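Here's the structure, in structure tokens; my notes come after.
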Amino acid sequence: MTIALCPGSFDPVTNGHINIFERSAKIFDHLIVAVFNNIRKESFFSIEERLELLRESTGYIKNITIDAFDGLLADYVKDKKAGIVVRGLRDQNDFFYETSQMLMLRRMAPNVESVYLMSEHRYSYVSSSAIRELVNFQGNIEGLVPICVEKAIKEKYARKND
Ligand code: ADP
């Protein structure tokens with residue numbers, strides 16, 4: 001059984017991420033989507049909220065597990081017995097970033113392969129940071145994130161302005 005792991009911040013999960021999950025879940029027997037709990041970085045959604053939104057938006061994909069981790073990716077991957085790390089590539093910036101990440105992972109977990117899926121054209125400009133930026137200026141995020149994320153963002157803003 002091939003277990004693949006897709007790590008990320010997912011703050012928030014976008015339709016670009018979901019597209020990578022759907023395609024990975026077709027290729028591998030099981031996919032673990034793992035939210036990196038970076039305690040040094042301030043986040044828009046809490047780790048619990050991100051996990052909940054990921055669960056809600058991927059509920060229809062049967063061979064996915066949603067989880068969170070902190071510490072080193074190499075340790076977490078070994079712990080989960082995942083042989084593959086999947087990452088999405090939007091452009092050459094992602095490629096450059098991923099190269100050093102991959103080499104570091106290879107050094108720490110030589111038996112783990114990194115696999116890259118090219119982003120679909122319609123999602124290649126979508127990032128969590130762009131979504132947060134749009135939200136900040138009340139921009140329209142319809143179609144860029146799952147419906148539950150759109151709803152959660154609206155609720156967060158309604159509470160903030162109460
Ligand atoms: P972001 O860069 O949006 O903050 P994450 O750190 O959560 O995203 O990234 C998790 C993985 O998803 C990374 O491999 C990233 O390159 C990939 N990814 C992010 N957005 C997209 C997208 N629109 N299309 C394809 N892959 C993406």
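Laboratory data are not the source of any read-out in this text; all were calculated from the coordinates shown. What you are looking at is a predicted structure, and each value in this text was computed from that prediction instead of being measured. All Cβ positions, even for glycine, are placed from backbone atoms using ideal geometry, and neighbour counts span all protein chains on display.
Here is the figure for the range 1-15: residues that are near the ligand (Cβ under 7 Å from one of its atoms) and either among the polar types (S, T, N, Q) or over 9 Å from the mean Cα position of the chain (by Cα) (or both) total 2.
The set of residues in the range 16-31 that are out of contact with any helix residue (DSSP H, G or I) (no Cβ under 6 Å at 6 or more places or on another chain), within 10 Å of the ligand (Cβ to nearest atom) and farther than 22 Å from residue 46 by Cβ comprises 20, 23. When each of 117, 103 is tested for being on the phi < 0 side of the Ramachandran plot and not in a helix (DSSP H, G or I), the lone residue that passes is 117. Only one of the listed residues (159, 122) is farther than 30 Å from residue 80 by Cα, of a type in the set (D, E, K, R), within 15 Å of the ligand (Cβ to nearest atom) and not in a loop (DSSP other than H, G, I, E, B). That residue is 122.
Within the range 125-152, the set of residues being within 15 Å of the chain's Cα centre (by Cα), assigned to a helix (DSSP H, G or I) and in contact (Cβ under 8 Å) with a residue 24 or more places away in the chain comprises 128, 131, 132, 149.
Screening 76, 116, 60, 97 for residues that are hydroxyl-bearing (Ser, Thr, Tyr) and surrounded by fewer than 12 Cβ atoms within 10 Å (Cβ to Cβ) leaves exactly one candidate, 60. Every condition in (1) more than 10 Å from the ligand (Cβ to nearest atom); (2) in a strand (DSSP E or B) is met by residue 54 except one, and the failing one is (2).
Against the definition (outside any loop (DSSP other than H, G, I, E, B) and either over 22 Å from residue 121 (Cα atoms) or free of Cβ contacts under 8 Å to residues at least 12 places away in the same chain (or both)), how does residue 41 come out, yes or no? Explain how you work it out, then say what you get.
On the way: outside any loop (DSSP other than H, G, I, E, B): no; either over 22 Å from residue 121 (Cα atoms) or free of Cβ contacts under 8 Å to residues at least 12 places away in the same chain (or both): yes.
Against the criterion (outside any loop (DSSP other than H, G, I, E, B) and either over 22 Å from residue 121 (Cα atoms) or free of Cβ contacts under 8 Å to residues at least 12 places away in the same chain (or both)), residue 41 does not qualify.
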